[in-house]
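Written out below as structure tokens is the structure these notes cover.
The values are calculated or read from the model by the stated rules, or taken from the named source; none is laboratory data. All values derive from a computational prediction rather than experimental measurement. Here the Cβ positions follow ideal geometry from the backbone for every residue, glycine too, while neighbour counts run over all protein chains shown. The accessibility values were calculated without ligands, DNA or RNA, using every heavy atom of the protein model including side chains. Shrake-Rupley method; radii C 1.70, N 1.55, O 1.52, S 1.80 Å.
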Amino acid sequence: MNYLRRRLSDSSFVANLPNGYMMDLQSGPRPTPPSSTSNPASPATERRSPPSLPPQAPASGSASGPAPTPTPGGFLSSFSSVVKTAQLAQNAAAAAKASAAVAEAAPAAPAKPVIRKPKILLVIDDLHTDWAKYFRGKKLNGEYDIRVEQAEFSEINLASYMNTGCMIDMQAIRGGTKVVRSFKPDFVLIRQHAYSMTPGEDFRSLVIGLQYGGVASINSLLSIYNFCSKPWVFSHMIKLYHSLGPEKFPLNEQTFYPNHTQMVLTPTFPVVVKMGHAHAGIGKIKVENELDFQDITSVVALARTYATSEPYVLSKYDIRIQKIGNNYKAYMRTSISGNWKANTGSAMLEQIAMTDRYRLWVDSCAEMFGGLDICAVKAVHGKDGNDYIIEVMDSSMPLIGEHVEEDRQLITDLVINKMCSVLLGINTPQPSAVKPQTTQPRRAQGGHRSVSPSQSAQGSPQRARSANTSPSQAFQPGPIPPPAATGPGSQKQPPQLNKSQSLTNTFTETLKGNTTDDEAKAETIRSLRQSFASLFSD
């Protein structure tokens with residue numbers, strides 16, 4: 001309206017208004033009927049008249065006479081219509097908004113749960129470990145259940161296809177009942193050797209089939225296949241020996257013979273001859289002289305295989321450093337049966353502290369073949385005070401010591417994280433990924449004087465060492481330091497005994513001790529149980 005008033009104040013605008021229109025400042029513009037002194041029937045007058053207005057009677061006076069009352073409607077009517085339309089639209093929008101708010105406030109119908117197909121994990125291991133119980137209740141990313149199928153290499157067969165993957169056929173005996181199943185694995189945990197020269201233990205074709213079907217695994221199928229030849233693995237350890245140097249990576253010297261015809265050079269005796277690819281001490285012979293070496297050459301010819309020879313190390317104890325994901329453990333094993341093979345017969349096992357040197361050994365070997373998630377390094381600590389690395393093991397390594405259950409749980413967590421990464425594309429780092437974990441040996445508890453056989457025989461290894469102490473010096477067993485004398489009544493320190501005598505004496509003292517000292521006897525029995533539990537044989 002203000003705009004119209006401003007325009008009406010402009011004389012040029014008013015002069016240009018068509019004849020027959022008036023503007024009422026109070027009520028807005030209203031068109032007025034045409035008024036003219038000309039003949040109403042003339043064509044010009046008819047053209048100027050708006051078609052929507054009814055015909056008017058001609059005025060009797062001059063053109064400047066009073067204008068007739070304007071007809072209702074016009075601009076004000078149109079404006080009112082627009083206002084009403086806008087109000088209706090606003091009301092409709094408010095009603096829609098209120099309806100949406102009511103709909104949101106109403107309880108939503110419960111969504112139907114999405115049933116996801118479980119992921120199948122194939123565990124290749126013997127039946128001594130029930131892996132299903134370790135994965136029971138575990139999920140991938142909280143969404144997918146894990147279905148465990150466990151079998152040995154000898155109980156499965158497979159067919160692999162380029163587009164549809166790998167299909168496993170399992171035939172096993174469970175509880176006296178034959179079980180036959182077929183399934184398509186999503187992931188594989190391999191805890192068995194894939195190859196041995198023992199008849200019927202060559203399963204390399206199954207490893208090829210899993211790789212052909214694109215099945216992910218721990219350790220990787222590439223590494224599993226490479227570990228089917230010990231000299232091949234040792235050749236990669238030789239690369240580490242040359243890159244790190246003999247001080248950081250003291251690899252035992254070894255000679256490789258592709259067949260018996262090359263076994264003509266007489267090595268320095270005694271030596272250890274290893275024929276072909278075997279495990280757990282099979283195919284290893286200690287040769288004392290040249291005549292025995294010639295006899296072994298004929299055996300190698302009959303076996304039609306390769307062989308290796310390495311200097312025999314007069315061992316004080318064996319060392320094993322294992323790595324599961326980011327968890328490290330170190331063990332010392334001493335034979336108490338007199339066998340030159342520490343893994344044959346009875347042996348005393350004790351956990352020792354990890355050192356940076358040991359960690360370097362296992363971390364360097366863990367980089368082989370694209371990475372080993374699970375591995376262990378075996379070494380011999382000789383009576384000359386030096387360490388000699390002799391072998392590296394993959395995910396088929398046996399679990400030893402008092403932390404077996406913890407190691408199995410570590411493997412379970414490692415498999416779940418790997419499955420999330422491979423199958424779901426979710427990288428879930430282990431809690432120990434930020435800082436590697438090292439399980440330290442447990443300290444003996446209780447104030448009783450009796451000690452375990454391993455402690456009484458050689459004393460516990462040093463749990464920590466200074467920066468200028470070599471690992472061989474730090475872990476050299478020694479007698480337990482005598483208790484400080486407090487007066488004339490101090491007792492004499494008993495003579496040091498060997499392991500067998502210590503074990504026998506500890507048990508005898510338990511039986512002959514004071515019958516009233518029940519607490520001391522119970523503590524000694526617990527100590528004996530722990531000692532017997534630590535005895536093992538591969």
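Just a few scattered comments:
- From the list Glu402, Glu367, the one residue that fits, being out of contact with any His (no Cβ under 9 Å at 6 or more places or on another chain) and modelled with pLDDT under 95, is Glu402.
- Residue, most open to solvent (accessible area, probe 1.4 Å), within segment 340-362, restricted to residues that are among the hydrophobic types (A, V, I, L, M, F, W, C) and closer than 22 Å to Pro311 by Cα: Trp340
- Every residue from segment 385-416 that is hydroxyl-bearing (Ser, Thr, Tyr) and either farther than 16 Å from Ser223 by Cβ or open to solvent by 30 Å² or more (accessible area, probe 1.4 Å) (or both): Tyr388, Thr412
- The set of residues in segment 111-144 that are part of a strand (DSSP E or B) and either at pLDDT 95 or above or open to solvent by less than 50 Å² (accessible area, probe 1.4 Å) (or both) comprises Lys119, Ile120, Leu121, Leu122, Val123, Ile124, Leu140, Tyr144.
- Options Asn163, Asn157; residue that is open to solvent by 30 Å² or more (accessible area, probe 1.4 Å) and either in contact with a strand residue (DSSP E or B) (Cβ under 9 Å, 6 or more places away or on another chain) or not in a loop (DSSP other than H, G, I, E, B) (or both): Asn157
- Which listed residue, of Gly276, Gly209, Gly281, Gly214, is in contact with a Leu (Cβ under 6 Å, 6 or more places away or on another chain) and touching a residue at least 12 places away in the same chain (Cβ under 8 Å): Gly209
- Matching entry among Ile146, Ile173, Ile156, Ile168 (being touching a Ser or Thr at 6+ places or on another chain (Cβ under 9 Å) and not acidic (Asp, Glu)): Ile168
- Only one of the numbered conditions (1) over 27 Å from the mean Cα position of the chain (by Cα); (2) closer than 30 Å to Ala303 by Cα is not met by Gln171, and that is (2).
- The one condition in (1) at pLDDT 95 or above; (2) surrounded by 16 or more Cβ atoms within 10 Å (Cβ to Cβ) that Ser196 fails to fulfil: (1)
- Residues that are open to solvent by 60 Å² or more (accessible area, probe 1.4 Å) and not in a strand (DSSP E or B) occur at least once in segment 363-374.
- Counted residues, segment 304-339 - those being within 18 Å of Phe293 (Cα to Cα) and either open to solvent by less than 10 Å² (accessible area, probe 1.4 Å) or touching a strand residue (DSSP E or B) at 6+ places or on another chain (Cβ under 7 Å) (or both): 9
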